[in-house]
1. Being part of a loop (DSSP other than H, G, I, E, B) and modelled with pLDDT of 80 or more is the filter; apply it to the stretch A:160-205 and report the residue that is surrounded by the fewest Cβ atoms within 10 Å (Cβ to Cβ).
2. If you check A:LEU148 against the conditions, is it free of Cβ contacts under 8 Å to residues at least 40 places away in the same chain, surrounded by fewer than 20 Cβ atoms within 10 Å (Cβ to Cβ) and at the interface with another protein chain (Cβ under 9 Å from one of its Cβ atoms)?
3. Considering only residues of the stretch B:92-107 that are without any contact (Cβ under 8 Å) to a residue 60 or more places away in the chain and surrounded by 15 or more Cβ atoms within 10 Å (Cβ to Cβ), which is farthest from the other protein chains (Cβ to nearest Cβ)?
4. Need a quick list: helices (runs of 4 or more DSSP H) entirely within the stretch B:1-118 having at least 1 residues that are within 24 Å of the chain's Cα centre (by Cα), of a type in the set (Gly, Ala, Ser) and more than 29 Å from A:LEU47 (Cα to Cα).
5. Checking the conditions here, which among B:GLY22, B:GLY62, B:GLY45, B:GLY55 is more than 7 Å from chain A (Cβ to nearest Cβ), under 25 Å from A:HIS223 (Cβ atoms) and surrounded by 19 or more Cβ atoms within 10 Å (Cβ to Cβ)?
Amino acid sequence: MAQFSFRVLGALVPLFLGIFLMLPRGGADRSPIRWLGAALVVLSLVLLVTFPLTSAEGAVAESSGTALWSLPQTLSCYTFHALAFVSVAAAALMITARNPVYSALWFSMVLLSNSGLYLLQGADFLAASTIIVYAGAIVVTFLFVIMLAQPNGAARYDRFAREGFLSALTGLLLSGVLIAALHLAMRTEPRGPVAGLASRPADSVVTIHSAANGNSLLATHPHVGGLGRMLFTEQVVSVEITGLLLLAAVVGAMLIAGHRTEETHVRK
Amino acid sequence: MSGNDAWLNNYLVLGALLFSLGAVGFLTRRNLIVIFLCAELMLQGVSTTLVGFSGFHGTWGGQVTAIFSLSLAAAEAGVALALFVVLFKRGFSLDVSIWSDLREEDQPPVEDEPLGDEPVETPRQWPHLAPAGRLPERRPGVSGEQVPRREAVAAGEGVARNG
C-alpha cells in the first residue's frame, strides 16, 4: 500500500504542480513558466500510463493488484490510454486557458474523448447523447453567452487566478485521497460482477463481461432497447421528475433572463 | 488483478482525476462562466465513474444515472446562463468578486487577492474576409431611408468594457 501511494503521489504531484504553473497570473501568453507547467502535466500523465511498464516488479505488482493502469496490452488498452490522455490534458488546458472561449472549446474536447471512452464500455447511446446534448447544445450556449458578455476579448479578471497554490494543493489532496481509497477498496473487497444482477451479453466493443446469467429481457434487447426498457419501466418516475425539472428550468430561465429592467446599475 | 477490475480501476481513476481538475478550476478562476464550466467538468468525472461501474457490472443502471445527470446539467446550464446574462447586464463584468455583497449580512467581506495592474492586452486582430462580388443595386421600387450597415454596427459597438 505504501509503495502504491508513493507511486500515485509521484505522478499526482507533478500534475498539480504543472497545473499551478499553468494558471494565469498575468504576463505574456506563452511564457516559459507555462511551458514548464505543460511539460510537467505531460510527464505526470506519461508516468500514470506507464506505471506497470517502468516498475521493476511489474509482474509482481500486477498479480498483487498494485499496478494502477494495468491492462492487457491490446488495442482497446491503447485506445483507452490515448483517450484518457487526451481527456486529462484537455481538462488541464481548459482550467488554465485565459480566454473563456478556449476554455469552452477545450471542454468540448474533453467531452469528445469521454464519449470515446463510453463507446469503449459499450455505452453507445450515452456517448451519442453526450456529444449531442453537451457538445452540441450546452457548450454552444456557453459560447453564445461568452460572446454576448465579452464583446471585447480578454478581460483582466481572466488573466489572474485566485489562490492558485492553495487550489492546486486542494486538488492534489482530493485526488490523492480518492485514488488511495479506491485502491484500498479494490484490494479488500471481493471482486467480480455482483451475482444476481441482470447482465448484458458480452457484445460491446470490449468484451469484458464474463456474465452468463442472461435475463430474458436483456437478452432480447441487448442494446439501446434495453436501456429504453429500463428507463420507461423501472425508472419511469425518475424520467417524469426529470421532465418536470427541465420544464421548471425553462420557465425559470425565461423568467430570469427575459425580464427587461429599465434601470441598470453600473458597478465598479 | 483481473481484466474487469483493471478496467473498472482505470475508469475510476480517470473520473477522480477529472473531478479533481474541475474542483481546482472551480476554486481558482474568477470568471463566472469558466467556474460553471469547471462544475460541468466535475459532472463529467462522475459520469465517467458511473459508466465504468455500468460496464463492470454489466447492467444499465450506471448509464441510466449518467443520463439523468446529463439532463440535470442541461437544466442547470439553462438557469445559470440566464443568471449570468442578467448579472452581466447589471454589472458589466463577469468577475465573481464584485458580487461579494450578495453574502449574508453578518458575514465579513472576503478579502480577495488584488488583480494585477497590468493593462488589458490589446485587442486581437481578427481576420478580414476578402471582398467578393459587388453590392446589389438598390431597386427603385424599395423606398425608405436605410441606415448603412457599417454605421449601424459601429454605433452598436459602444458597449462599456470592464477590466
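The values are calculated or read from the model by the stated rules, or taken from the named source; none is laboratory data. As the structure is a prediction and not an experimental result, all values here were calculated from the model. Positions of Cβ are backbone-derived with ideal geometry, glycine not excepted, and every protein chain shown enters the neighbour counts.
1. In this case the residue turns out to be A:GLU163.
2. Yes, satisfied.
3. Among those residues, the one meeting the criterion is B:TRP99.
4. Result: B:61-91.
5. After applying the criteria, what remains is B:GLY62.
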